[in-house]
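Working notes for the structure below.
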Amino acid sequence: MISVIEPVSYAPIEEVEKYLYSYFPGDELEVITIEDTPNTIENFTQKTLASAKLLQNLDLFKLSSALIVNCFADPCLFELRENLNIPVFGAGETSMHIASLLGEFAVIGPGDNLVSWTRLQAREYGVFNKLISIKEIKYSVKDIIDGESQLYNATKQACIECIAEYADVVVLGCTGFSSISDKLKKEIWNEYKVPVLEPLLTTYSVARSLGLVMNHGRKGLFSAI
């Protein structure tokens, strides 16, 4: 069973399940939430608080064959790999690596710290040389999850600006974008022939392909505790 962990309390569980099942109706998956996590993750303090809660609830993943951290900030990603004997995939890391396979990429997301945070992630994940553009959407994570009425137009315009800067692929830098991603991916492809990666679907697709055939090494970087 592939488990999708929601590291925040403001998470539309039913919508996430419906979204994934619309692409993979025969899969066995579950969406897990944990009490007393931050409402959203938009800064390093919230990321640290969420990580602590994940580490306190490792037993929730004992029946999982693979785990997906459903947040582009990848809270607790490396720590979970240290403590679990299953492959763990972060939405941010996985999406950036898949994007780098497709060419030079751009990231679109929320927050005044988006540009600096995305650069830090790209350096840490070894794909900084493929990152050519970052565009901030002037909405909060909560707005994105709620599907705020003007969100679609603002996100599409940001995609167009990234394409004008010669991005070969655009990555949506928040898993909350799943509410608008199907329409957005279709329109951008039809109009510009540029792929748009929604991070949850991208990461789930990788996890279901690789999660059953390999694991993270248990020496070196992710040595077992």
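The values are calculated or read from the model by the stated rules, or taken from the named source; none is laboratory data. Since the structure is predicted, the reported quantities are computational estimates derived from the model, not experimental observations. Every residue, glycine as well, gets a Cβ built from its backbone with ideal geometry; the counts of neighbours run over all protein chains shown. Just so you know, the surface numbers come from the protein's heavy atoms only, side chains and all, with ligands and any DNA or RNA stripped out. Shrake-Rupley method; radii C 1.70, N 1.55, O 1.52, S 1.80 Å.
Data for the structure
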read-out	value
Label-point gap, in nm, between Ser205 and Ser116 - each point 7 angstrom along Cα→Cβ	3.4 nm
Probe 1.4 Å, all protein chains present, accessible-area order of Arg218, Arg119, Arg81, largest first	Arg119, Arg218, Arg81
Dipole magnitude of the stretch 1-145 about its Cα centre (Cβ charges: Lys, Arg +1; Asp, Glu -1), debye to nearest 20	500 debye
Rule-of-thumb Rg ratio for the chain [Cα; 2.2 N^0.38 Å; N residues]	0.96
Residue range of the chain that is longest and free of GluC sites (Glu not before Pro) which are both DSSP loop and sparsely packed (at most 13 other C-beta within 10 Å)	36-164
Whole-number accessible area per residue in Å² for the stretch 1-77, which is evaluated in the context of all protein chains at 1.4 Å	49 Å²
Lysines with Cα under 24 Å of Lys130, excluding same-chain neighbours fewer than 8 positions away	Lys156, Lys185, Lys186, Lys193
Whether the stretch 30-117 is rounded, prolate or oblate, judged on the alpha carbon gyration tensor where a/c under 1.5 counts as rounded	oblate
Choice from Gln157, Gln56, Gln121 showing the highest fluctuation, given a GNM over the chain with Cα pairs closer than 10 Å	Gln56
Of Leu172, Leu201, Leu63, the one that fluctuates the most in a GNM where the chain has Cα springs shorter than 10 Å	Leu63
Label-point separation, Glu161 to Gln56 (7 Å along Cα→Cβ), nm	3.9 nm
Solvent exposure ordering (accessible area, 1.4 Å, most first) of Leu58, Leu102, Leu29	Leu102, Leu58, Leu29
